[in-house]
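The values are calculated or read from the model by the stated rules, or taken from the named source; none is laboratory data. If you're wondering where the values come from, they're calculated on a predicted model, not measured in any experiment. Because the Cβ atoms are built from the backbone with ideal geometry, glycine has one as well, and the counts that use them run over all protein chains shown.
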Amino acid sequence: MNTPSHHPRPPDPPRVSARPIHLHPETQLAFSASHCPLYANALALARWAGPTVPVTPRGFPEPPLIGEAVRALSLRPAGLPPEPSGDAGPTRAEDLSSIDPLFALPWWEAIRLGMVELAAGQARPAPDLEERARDPRQILRWWNDMFETTVESVRGDLAGTEPGTTGPDLLPRVLRSLYEAPDRSRVPLSDLVTELSTGPEALSGLSDRVRHRLSDLLLPMLWQLTEIGAVHLDHRHARPSSGPCLVRLTPLGRFGVREILLSVGVPAPLIEDFSRVGAAEFLDSLHSFSLDGRLIAIDSWLAARTPARALREIGGAVDRPGSALRRWDGAKVLNLTSSHLGPHLRALLGSERPALVSLAAIVLLGSRMLDQGEIDRIMEDHGPWVVVDMVAAAMSTGEIGLVDFLTSPDTAGLETLLLDDVDRLRRVDHPDTVRVLEALCRVHPDPDRAARFRAAAVRVRRDRH
């Protein structure tokens, strides 16, 4: 008999978890943050304000002083001022265009973040500015505040693209797509546009006018994020018309997006933390990841332990009632390292724990390490428990999933292994046998077999009690 080729379909909940990532060390992220244009300009202006500089009621120095600061500090471009949130300090009034843009935004940020204090018509550096500017955690708090403010500002700028609406909410999807991309990978802008406008997860409600302008809408958004050091654009192709525009989330940007995800309740595990979670939590979390995220999670978890330890941990997490889906997923995880587990798996076939026997049998049958004779022997000795686990895993998708399993050409007739020797089912205390038999009697399309499964369930349940 050949290896069962049907893999029960996993349940399909919303894929809310972000993929596990690795963050650069805090000091390295802080160094990057302190050198991004907006942060560097804001801190330079805060220091320039010492000991004091006179300011107008709007919170800005007079134009000659602004020009002096821009020249003396060689301020680099840092975008346009975002819409203020109502905090004390300068605001973007209608005549703010009179303020040099190289000065206006970083000065606004320096005041908003507390690097600069305003009082009695004067601005001065915060008393503890230098101490705080040397603290990596404070640097990252300041930078993250700037990043979140920039994100909200960019989202606000999109509000005018669709009259009568709040505008298409493009940025969260773009940032999430870049976050899910492999580290250091460069994503073509055209791919981001395609993802936003087509496919099953496309943004709904986009008008044709906006859909055709997505590239033009995205590029200014991404340029603003480069000023905060969150995104890197391929500067050789700064405009879509000049060739492929490639976008990459920087390590600092990955840090910032993760903070946003956590703030809105999206799980965003770190690889180093995820690798330390127990097998039960690890297996239960797999279906919340995208396919790529799941592969990263599995690789990270396996890399932190030997194959034998992974087998022990997974075995301990799946040897209990209601753990059939864990066993199936655990078998797929162990399959990736099965070449190192041959003796351990064969030894488990002699275990007195039926769930562990089934786990070992499923891994061996899928390992491609066995010849046909060994496959036949395992199915003869342990086939019923393999089928119990296959059916129990199919049940996790609901009755429709179980019907699909029973009617699939790949699994046709496998349930016969459960009816061939009901006495054997009674003798072996597999934790999911009764549950599987009762489910089969409810949904089996063949009435005669459904009746036989009902009788088998009654006999096994009676003998278990």
Only residues that are of a type in the set (S, T, N, Q) and touching a residue at least 60 places away in the same chain (Cβ under 8 Å): list them for segment 411-432, please. Thr411
Taking segment 249-272 and the residues there that are free of Cβ contacts under 8 Å to residues at least 60 places away in the same chain and part of a helix (DSSP H, G or I), the one that is farthest from Pro25 (Cα to Cα) would be Ser263
Would it be correct to say that Leu65 is surrounded by fewer than 21 Cβ atoms within 10 Å (Cβ to Cβ), at pLDDT 90 or above and not in a loop (DSSP other than H, G, I, E, B)? yes
May I ask you to list the residues in segment 360-397 that are in contact with a Phe, Trp or Tyr (Cβ under 9 Å, 6 or more places away or on another chain) and either not assigned by TED's automatic domain parsing to the domain that holds Thr433 or not in a loop (DSSP other than H, G, I, E, B) (or both)? Ala361, Ile362, Asp389, Met390, Val391, Ala392, Ala393, Ala394, Met395
Going residue by residue through segment 134-145, is there one that turns out to be at pLDDT 90 or above, within 30 Å of Leu291 (Cα to Cα) and surrounded by 16 or more Cβ atoms within 10 Å (Cβ to Cβ)? yes
Can you work out which of the residues in segment 325-347 that are surrounded by 20 or more Cβ atoms within 10 Å (Cβ to Cβ) and over 10 Å from Leu311 (Cα atoms) is modelled with the highest pLDDT? Asp329
Answer yes or no: is there a residue in segment 337-349 that is polar (S, T, N, Q) and not in a loop (DSSP other than H, G, I, E, B). yes
Does any residue of segment 376-387 turn out to be over 13 Å from Ser358 (Cβ atoms) and among the aliphatic types (A, V, I, L, M)? no
